[in-house]
1. When the Cα atoms of the stretch 58-177 are enclosed in a convex hull and the volume is divided per residue, what value in Å³ results?
2. Work out how much length Leu353 to Asp105 would gain on full extension: take 0.36 nm times their residue separation and subtract the Cα-Cα distance, in nm to one decimal.
3. Could you tell me the extents of the stretch 305-375's C-alpha atoms along the three principal axes, largest first, rounded to whole Å?
4. What is the distance in Å between the Cα centroid of the stretch 75-97 and that of the stretch 114-140?
5. I want the local charge near Tyr331. Using Cβ-Cβ distances under 10 Å, sum +1 for each Lys or Arg and -1 for each Asp or Glu among the other residues.
Amino acid sequence: MALRIVEEAGLTDVGRQRHANEDAYYDSPPIFAVADGMGGARAGEVASRIAVEAFEQARDESAAPEDQLAQIARAANRRIYELAQEDEERAGMGTTLTAIMLAGDEIAIGHVGDSRAYRLRGDQLERLTQDHSLVEELVRQGKLTSEQAEMHPQRSIITRALGPEPEVDVETLTYPARAGDVYLLCSDGLTGMVPEERVAEILRARSSLRQAAEALVAEANERGGRDNITVVLFRLGSDDGADPGADAHVLQDTAMLGAAPSATPAGPEPRARRRTGRAVVGGAVALAAVAAVLAGLWIGSRQFWFVGADQGRVSLYRGLPYELPLGIKLYSEEYRSSVPSLSLPGLQRRRVLDHQLRGRSDAVDLVRSLERAYAS
Ligand code: CA
């Protein structure tokens, strides 16, 4: 029984605190994707757009679905990397990419970074991807609980992205699909603001996927909208006309009236196949893993800015105010003003020198306001 896409909706929103939207999405059956870009001077927008535009190129349809997605992701990676090399303003730009392709009665996923794929089957919402993030690495190592990870100040540091390196390791997965399944792709602007239980509630209560997409974005904004929010939803039906998901809201209504809720699937779920390039064993892998975490830490740190002093002058830094062993700095000086740090009144001086992490525009505004105050 072949499955087909019977309903879809995509929505992206700048959120409440950012000035630009660095997310992008692609929704052209049988492929859907979300990309969340990062990098100063609008480079994040460029990176995420390149990632989704890569799906418009001809793809090798004779290849396995996972391989098709990985090839597209690798092509996008090369393009972003090359562009970043050519243009200093775009140095270090990158993007996440999480893509789903329906193929027969399976869905294939290609995944890099911390955007996510979920599946609602019956009443059960299940996450299909693991974040390539520092906190999720720490959860896997047992050093953080998932509750701690959700609140962790460094939760947006990712360990894999398209763009920063000439080659990227694309994680690919395949899951068996069913008529009635609803799939959600989203950026961390949704999952960083809205708990999974609430996402599930909104999806279960939907009247349509369009309405659900709008409700998810509205919920993230009501909870602060600290980041760009992107959601892509699609629902599967079967070729023989069976479309169990079309009744989802009716089932929901009857459940609310006290009837039995729609059944959750019985029996063990066939395990998803996980394939990555990490099959080698030994010390080289451990070393490579450490290098990857350090590289990822550095990449992720590029989205933070802080203000400090260099040679007695108020300065603007990009990165995190830490130095790793071997003298690896997680920050770089982007600008040194002519404002002597000692010219600032005590309280303000502490505010300037406290290395508080800020967004780029916030940090730039602070330095500019100090310059204006010093000039007057
Ligand atoms: Ca984001």
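FYI, it's all coordinate maths here, none of it is from the lab. Quantities reported herein were computed from a predicted structural model and do not represent experimental measurements. Backbone-built Cβ (ideal geometry, glycine too); neighbour counts: all protein chains shown.
1. 128
2. Gain on extension, Leu353 to Asp105, equals 83.6 nm.
3. 39, 23, 19
4. 26
5. So the environment of Tyr331 carries a net charge of 0.
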